[in-house]
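The values are calculated or read from the model by the stated rules, or taken from the named source; none is laboratory data. Everything numeric here is computed off the predicted structure, so don't read it as measured data. Neighbour counts run over all protein chains shown; Cβ positions are idealised from the backbone, glycine included. Only protein heavy atoms, including side chains, enter the accessible area calculation; ligands, DNA and RNA are left aside. Shrake-Rupley method; radii C 1.70, N 1.55, O 1.52, S 1.80 Å.
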Amino acid sequence: MPGRSIGPPDRIGDENFNSFDTRVLENKIVFIMKGNMGRKRRYSVLSITGNGQGLAGFAVAKAPEVRTALRKSKNRAAQKVIKIEVCDKHTVFHDFFCAFGQTRIFVARKPEGYGLVCHRAIKTICKVIGIQDLHAKIEGSTNLQHIVKAFFLGLLQQITHDEIAKNKELIVVALRNETGLKPQIIAQPGYCRTHNEIAKNEILNYTQYILGDKIILNKNKLVPSFVNSKGYTLYLKRKEQVRNQDKARINMYAFSGGLQNNNVFLK
């Protein structure tokens with residue numbers, strides 16, 4: 001059931017949700033103990049609804065029957081819809097860190113075409129909101145409700161480029177690999193400070209500023225225990241004679257004059 005679509009929420013008065021899509025994030029059975037009825041079983045459903053253009057909401061509902069719990073959850077989520085800003089209609093504005101309870105999430109902005117590399121719950125949330133490119137790493141607890149709440153808190157606490165330019169009174173310039181690292185102005189304030197007006201100890205690092213003067217610690221990968229062993233050294237020696245064999249054969253053929261008559265240049 002998690003990840004499936006259960007359709008748009010029901011109509012509320014004159015408001016309809018035809019452009020919305022509701023996805024189930026969690027469907028589980030919970031038990032409560034009653035003094036006169038004993039052990040009572042109920043279904044708990046966590047769902048999220050959105051229109052794919054920045055409007056989304058989530059809710060949890062419980063009911064004795066599965067269908068009732070699904071209907072209550074999606075209708076309650078429609079009553080809690082909030083607006084989330086999406087940068088360039090495909091990703092977040094910047095990298096950010098968010099946490100709820102024992103769940104910590106590190107979200108990284110990615111270029112167009114990267115895709116969604118993250119937990120299944122975050123991937124479902126991004127599809128409902130309209131985010132197409134993103135990388136997220138979860139540390140700590142993987143409680144689904146905590147993941148959803150932490151991710152929504154991080155999305156709501158984003159700082160847009162216009163807000164950064166207005167707060168810092170500086171021009172925000174982007175250097176991207178897809179544009180050949182050509183400077184591109186993405187936000188410009190009404191008044192821009194000069195070089196003499198900038199303090200020497202002022203934070204001008206973009207990543208450090210948006211993370212609240214914090215830096216993410218990137219841990220080095222552990223070296224396998226067999227790297228310095230005798231067997232692995234012999235393995236590398238045996239592989240040396242066939243390493244890049246296809247490329248070496250093509251280069252030998254090219255530089256020996258085999259392709260000189262065809263006006264072909266191999267790099």
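Between GLU169 and ASN220, what is the FRET efficiency for a Förster distance of 45 Å, r being their Cβ-Cβ separation, to the nearest 0.05? The partial results should precede the final answer.
Numbers: r = 38 Å, r/R0 = 0.85.
Computed FRET efficiency for GLU169 and ASN220 comes out at 0.70.
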Q | Charge dipole of the chain about the Cα centre (unit charges at C-beta), most positive-ward option of SER44, HIS90, ALA77 | A | SER44
Q) If you find the alpha carbon centre of region 169-247 and of region 26-56, how far apart are they in angstrom? A) 43 Å
Q. What is the Cα radius of gyration of region 3-86 over 2.2 N^0.38 Å, N being its residue count?
A. 1.22
Q | q = 0.10 Å⁻¹: log10 I(q)/I(0) that the Debye formula gives for the chain, counting C-alpha atoms only | A | -0.76
Q. Using a simple charge model, +1 on the beta-carbon of Lys and Arg, -1 on the beta-carbon of Asp and Glu, nothing else, what dipole does region 1-160 show about its Cα centre, in debye to the nearest 20?
A. 980 debye
Q) Among ILE84, ILE215, ILE32, which one shows the biggest mean-square fluctuation in a GNM of the chain, springs joining Cα atoms closer than 10 Å? A) ILE32
**Q.** Spin-label pair GLU112/GLN245, simplified geometry with 7 Å Cα→Cβ offset, distance in nm
**A.** 4.3 nm
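If you put +1 on each Lys and Arg Cβ and -1 on each Asp and Glu Cβ, how big is the dipole of region 70-200 around its Cα centre, in Debye rounded to 20?
Details: 21 positive and 11 negative charges, 155 e Å.
Computed about the Cα centre, the dipole is about 740 debye.
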Q | Protein accessible area in region 102-182, 1.4 Å probe - carbon and sulfur % | A | 48 percent
Q.
What's the whole-number percent of alpha carbon pairs in region 42-141 lying beyond 16 angstrom?
A. 62 percent
Q: Using only the alpha carbons, work out the radius of gyration and Dmax of region 110-158 in angstrom.
A: 10.6, 30
Q: Calculate the radius of gyration of the Cα atoms of region 160-210 to one decimal place, then report Dmax, the largest Cα-Cα distance, as a whole number, both in Å.
A: 11.7, 33
Q) In the neighborhood of HIS161, defined by Cβ-to-Cβ distances under 13 Å, what is the net charge if each Lys or Arg adds +1 and each Asp or Glu adds -1? A) -1
Q. For the chain, the longest stretch holding no GluC sites (Glu not before Pro) located in a DSSP loop with at most 14 other Cβ atoms within 10 Å is which?
A. 203-267
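Would you list TYR191, TYR206 from the most to the least accessible area, probe 1.4 Å?
Numbers: TYR191 120, TYR206 85 Å².
Descending accessible area places them as TYR191, TYR206.
For the chain, what is the accessible area per residue in Å² when the probe is 1.4 Å? Mind showing how you got there, number by number?
On the way: 18170 Å² over 267 residues.
Value returned for the chain: 68 Å² of accessible area per residue.
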Q. Trypsin sites (Lys or Arg not before Pro), restricted to region 1-30: which are DSSP loop and have at most 15 other Cβ atoms within 10 Å?
A. ARG4, ARG11
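If you stretched the chain out fully between ASP162 and ILE185, how much longer would it get, using 0.36 nm times the residue separation minus the C-alpha to C-alpha distance? Can you show the working numbers first?
On the way: separation 23, 0.36 × 23 = 8.28 nm, distance 1.11 nm.
Extending this stretch completely gives an extra 7.2 nm.
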Q. What 222 nm value per residue comes from the helices of the chain, counting each DSSP H run with n ≥ 4 as -39,500 (n - 2.57) and dividing by all residues, nearest 500 deg cm²/dmol?
A. -7500 deg cm²/dmol
Q: Would you mind working out the magnitude of the charge dipole of the chain relative to its Cα centre, with +1 at each Lys and Arg C-beta and -1 at each Asp and Glu C-beta, to the nearest 20 Debye?
A: 1600 debye
Q: In nm, give the distance between the simple-model label positions of ASP10 and GLN208, each being 7 Å from the Cα along the Cα-to-Cβ direction.
A: 5.5 nm
